[in-house]
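Data first, discussion second: the structure below is written as structure tokens.
The values are calculated or read from the model by the stated rules, or taken from the named source; none is laboratory data. Keep in mind that this is a model prediction, so the values were computed, not measured. Reconstructed Cβ throughout: ideal geometry from the backbone, glycine too, with neighbour counts over all protein chains shown.
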């Protein structure tokens with residue numbers, strides 16, 4: 001997946017299992033992923049799960065959405081407020097205002 005994110009334009013959403021704000025935000029990015037699949041040159045959407053610490057409810061993600069799914073390694077501690085949205089252009093992080 002790393003190679004795929006290094007090319008073109010991506011909206012990357014870092015989400016956490018059991019995060020109420022993430023559950024509210026995911027439908028917005030589902031819609032965006034479906035729209036980007038229909039329009040060449042639109043940014044693709046990647047949802048990246050931040051590992052849970054302790055017990056967490058599962059976020060249900062539809063399997064028919066044209067987004068890329070990934071997960072950060074559980075071997076490290078991740079300190080990030082979720083959901084966090086990043087805009088990648090050719091592997092470089094850019095401001096993600098208004099996304």
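May I ask you to list the residues in segment 66-76 that are in a loop (DSSP other than H, G, I, E, B) and under 28 Å from residue 38 (Cβ atoms)?
Passing the criteria: 66, 67.
Could you tell me how many of the residues in segment 17-48 are at pLDDT below 90 and assigned to a strand (DSSP E or B)?
Adding up the residues that qualify gives 0.
Kindly indicate the residue of segment 7-29 that is over 21 Å from residue 51 (Cβ atoms) and out of contact with any strand residue (DSSP E or B) (no Cβ under 8 Å at 6 or more places or on another chain) and also surrounded by the fewest Cβ atoms within 10 Å (Cβ to Cβ) among those meeting that condition.
So the residue we want is 27.
Give the residue that is farthest from the chain's Cα centre (by Cα), with candidates limited to residues of segment 77-99 that are surrounded by 12 or more Cβ atoms within 10 Å (Cβ to Cβ) and part of a strand (DSSP E or B).
89
Restricting the first residue to segment 79-99 and requiring it to be under 13 Å from residue 25 (Cα atoms), which pairs with a second residue that is assigned to a loop (DSSP other than H, G, I, E, B) meet a Cβ separation below 8 Å and a spacing of at least six or different chains?
If the second residue must be assigned to a loop (DSSP other than H, G, I, E, B), the pairs left are 82/19; 83/19; 85/96; 85/99.
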